[in-house]
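Taken together, the values in this text are just the output of simple stated rules run on the coordinates, not laboratory data. Quick caveat, the model's predicted, so the values are computed rather than measured. Please note: Cβ atoms are built from the backbone with ideal geometry, for glycine as well, and neighbour counts cover all protein chains shown.
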There are 4 protein chains.
Amino acid sequence: MQTPTVPLTIAGKTFRSRLFLGTARYPNQQVMLDALEASGAEVVTVAMRRVSLDGQAENLFDLLRGRYHILPNTAGCYTARDAVLTAQLAREALGTNWIKLEVIGDDETLFPDVEQLLQAAQELVDDGFVVLPYCNDDPVTCKKLEAIGCAAVMPLGAPIGSGMGIRNPYNIQIIREQCQVPVIVDAGVGTASDAAIAMELGCDGVLLNSAVAQARDPVKMARAMRLAIEAGRLAYEAGRMPRRLYASASSPLEGRIQL
Amino acid sequence: MQTPTVPLTIAGKTFRSRLFLGTARYPNQQVMLDALEASGAEVVTVAMRRVSLDGQAENLFDLLRGRYHILPNTAGCYTARDAVLTAQLAREALGTNWIKLEVIGDDETLFPDVEQLLQAAQELVDDGFVVLPYCNDDPVTCKKLEAIGCAAVMPLGAPIGSGMGIRNPYNIQIIREQCQVPVIVDAGVGTASDAAIAMELGCDGVLLNSAVAQARDPVKMARAMRLAIEAGRLAYEAGRMPRRLYASASSPLEGRIQL
Amino acid sequence: MQTPTVPLTIAGKTFRSRLFLGTARYPNQQVMLDALEASGAEVVTVAMRRVSLDGQAENLFDLLRGRYHILPNTAGCYTARDAVLTAQLAREALGTNWIKLEVIGDDETLFPDVEQLLQAAQELVDDGFVVLPYCNDDPVTCKKLEAIGCAAVMPLGAPIGSGMGIRNPYNIQIIREQCQVPVIVDAGVGTASDAAIAMELGCDGVLLNSAVAQARDPVKMARAMRLAIEAGRLAYEAGRMPRRLYASASSPLEGRIQL
Amino acid sequence: MQTPTVPLTIAGKTFRSRLFLGTARYPNQQVMLDALEASGAEVVTVAMRRVSLDGQAENLFDLLRGRYHILPNTAGCYTARDAVLTAQLAREALGTNWIKLEVIGDDETLFPDVEQLLQAAQELVDDGFVVLPYCNDDPVTCKKLEAIGCAAVMPLGAPIGSGMGIRNPYNIQIIREQCQVPVIVDAGVGTASDAAIAMELGCDGVLLNSAVAQARDPVKMARAMRLAIEAGRLAYEAGRMPRRLYASASSPLEGRIQL
């Protein structure tokens, strides 16, 4: 049976899958490849730093090239300058002007540095990149990133690697209302329902890594995420029933609830 | 690609789908039939009272028979006696000894009457029925229903028709720990992620109706539910990553969080 | 400064404090006495079983008599018969016809047994007791207890000794709407804000024990609870501001939120 | 009875009350004065813009001076330059170098502009101000503000005027862990329990306005807030009991919960 959901378009490129998957922290490479396949993801993100450092760049890229749209990222960069240089390196090495922009502000929590992020985003957009920035769930920062010319905004649902889910759905909802570019929740998803919730909020996609890589069975979780994202998107498009305190309540739930 | 999840067995009968769907409150009969098909449900539940009252019994049963496992229910019954009689009527009319047992204690909120429910469950089990009781999210009641011989327990996630989701996942988790029979969340699911959460808690299935029937696009929501339940089940089987306050936290989240 | 909140009346007796405190599990007796005083509680509850078993009945009652309204409870009773006998024993020993009725259905989780509870409540009301029953957060059970003639209903916020807070505020809200007798949240409160939330929901009082007795500093926590309950009650009476997604949102929050 | 909680010290000045109250949006001036008194607040914040615009500066300051520590704020400023000028104007007019720094990034949601905020904070600290900045619940921004030399950080609990409570307690907890200066939750509190929760998280104070000014009875709500903040602080100092799924659970709650 067909699932006629609306496809996602970023910077003129159209994707059927709304799941973006990372390539770090899998038990081994074969599990990673199997999980990528089970996920149905078209876009996979790879840390340039990691690739360079362990000297397995060619190997990993050879494996993924052709089968996936590779989105290099600047994980591990702590300044705009580092991030810009890393993006330029990635463009040269991989022949893509797409970049997932991360500028980390704290090496413990991995929250972004908003000032450095905005500066790097500006430089990279000016240099012709398609910039997808990992950012706080801050509507003002997201609007600035959009104004700079980023192709999407990628607010975190919770800290990277926390598996805490969407901690503040209200902020995500405000971002969704205020931005015209695609909104992709990046970081925080821990299990399938988290991904579904992101999509039900109207987000355009979800980028995740640890939730799959660190599940007991990554391949099975990859398939769970694929279905959850499709389910959440369908539910969003279908238009959910209203909430009520109970069915025969004369007014909608929300007018009467105090919690 | 295959999805090798464990099948669900109730009273010796095995189902591939873990979604049980109701047949009330759809915009019209064709939408209902399309939604049932899109949902992948094998078991559909029909209110005997409603069928009898509107005189469309033959019509509806003719439509569903052969394509679905029909599970008659005792919706609208307020006493054990009424519920038992309705179940017996259903058995005669439909040739099935399966019954979804509802004994309502309050016509406003549609919460069950625990005393009448337990009495009716005992009588029906004694009379050879396969009893699937709609009940509170109360572990003691669920254990009693299991001891009586019910084939499953079906605690509510929230009031019937409320769309509020799983209001108290802790109780559902305790029920899951303490019962050996299948646990099927019945009532309260409002959107896809609610159904995924029920499955991630380890429940064996979800029974829902309004979330599909009252969505703006019931057929699309039916497919969302199908995928969400499969996603939630896969995530449960896959074993989710642990939660942490942030990734580099040395201890798991829970030991440090005060909320 | 005066705090002109409405006083609480149960069975014709009026209390200024809306906090009911238990006497179990304190580090020692002096801490218990200090905590009781710091809490401002007028009603303290004592387990008849515990008192009898450890032979310290006279001691404890001598300590509390005159200073507090002693509310004996039937903790540790698993049948209506046991609970009724224990209540009668308490009446004889303590000269009070007030009883906090507990009939436990599961010795692991300490959830009540609804059937036995209702039976015991009926017998005790018939026998002239002022019955305050510990029960599930089930509106139908609460309405039955009220119909039987109980002087109040005492739904649990979470399992006894769990410290989980009000797990399902929606059920408490429905109970508050449907019952005329005082609603006292019993069990589950873990910290001050939990007690405030119970009062903001419109409850008439809170009964707690472990949250004070098992705090690192029980006396300080006792005072925290005293203030939290007064704060929550005042907030309820003051009438809180409406919630909005943000201040300038043209419609109230609830019409726009999907979570 | 005494309440021996630890006092709050900011920039060398010690306060007994941990509640900071705003002066906007009250039904009338008398209600404002009565609410301030009932709240027990020592610090009240006044918008310089509003004061200047409506020409009632002298009146309002004459009313408050001597009775309260007046904390002028830069509400309504959208750039670092505007905020700095407004702070300087306040210093001259009121003879205080304390400033609550707000730099708004969006006039609909009133979220701060992080870049402008950091710039203004730096300029004002350099100019000798005691700066208390309203900011996002972003740990990196808070650490930067601390590094600049701000006397406290004031992360929002939810959007200004929303009454939504602490939407992301996890971020507040991380900020509390990572900052040495006082952490004061500013914005979002809607009712008494929200304020108590902020304090239970270990925050040093709460600044609020609409929750009191827009309650049905502002004076009563002011007293509720006073008690709630004291309750929350006491509970924090007392050390709450651990949470468990149920009391006899052998392991703490969190290791077993899936939600």
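Listing for the model above:
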| quantity | calculated |
| --- | --- |
| Shielding by other protein chains, B:151-162, mean Cβ within 10 Å | 3 |
| Potential lengthening between B:Val6 and B:Thr96 on full extension [0.36 nm per residue; Cα-Cα distance subtracted] | 29.8 nm |
| Value of relative contact order over the range B:135-181, rounded to a whole percent, pairs C-alpha under 8 Å and six or more apart | 46 percent |
| The range B:63-218, relative contact order in percent, only Cα pairs under 8 angstrom and at least six apart counted | 15 percent |
| Label geometry 7 Å along the beta-carbon vector: B:Ala11 inter-copy distances in nm | 4.5, 5.8, 7.4 |
| Ordering of D:203-209, A:223-229 by burial proxy (mean other Cβ atoms within 10 Å per residue, highest first) | A:223-229, D:203-209 |
| For the range D:139-259: rounded, prolate or oblate by the Cα gyration tensor [a/c cutoff 1.5] | oblate |
| Amide H contacts of D:Val130 (H built 1.01 Å from N, under 5 Å, at least 5 apart or other chain) | D:Trp98, D:Ile99 |
| Enclosed volume per residue, in Å³, of the convex hull spanned by Cα atoms of the range D:77-199 | 99 Å³ |
| ³J(HN,Hα) computed for each position of the range D:147-158 - Karplus, 6.51 cos²θ - 1.76 cosθ + 1.60, integer Hz, glycine/proline x | 5, 5, x, 5, 7, 6, 10, 10, x, 6, x, 6 |
| Nitroxide proxy distance, nm - points 7 Å out along Cα→Cβ at B:Arg67 and D:Ala147 | 6.4 nm |
| Amide H contacts of D:His69 (H built 1.01 Å from N, under 5 Å, at least 5 apart or other chain) | D:Val43, D:Val44 |
| Evaluated over the protein assembly as shown, the Cα radius of gyration and Dmax, each in Å | 29.6, 90 |
| Antiparallel %, DSSP beta bridges [both residues in the protein assembly as shown], to 5 | 15 percent |
| Label geometry 7 Å along the beta-carbon vector: B:Gln29 inter-copy distances in nm | 6.1, 7.4, 7.7 |
| Within 10 Å of each Cβ in A:206-217, the average number of Cβ atoms from other chains | 3 |
| Potential extension, D:Arg25-D:Gln180 segment - 0.36 nm per residue separation minus Cα distance | 52.5 nm |
| Inverse of mean 1/r across different Cα pairs in chain C, Kirkwood, Å | 18.7 Å |
| Degrees, to the nearest 10: C:114-126 long Cα axis against longest axis of chain C | 70 degrees |
| Test item: D:135-145 mean partner chain Cβ contacts at 10 Å | 5 |
| Alpha carbon Rg of the range B:1-131, scaled by the compact-globule rule 2.2 N^0.38 Å | 1.09 |
| Electrostatic dipole magnitude of chain A [Cβ: Lys, Arg +1; Asp, Glu -1; Cα centre; debye, to 20] | 960 debye |
| Amide proton proximity set for B:Asp186, modelled H, under 5 Å, gap of 5+ | B:Leu156, B:Gly157, B:Leu207 |
| Beta bridge orientation in chain D: antiparallel %, DSSP, nearest 5 | 15 percent |
| Inter-copy spacing of C:Gln180 label points, which lie 7 Å from Cα along Cα→Cβ, given in nm from shortest upward | 4.7, 6.1, 6.3 |
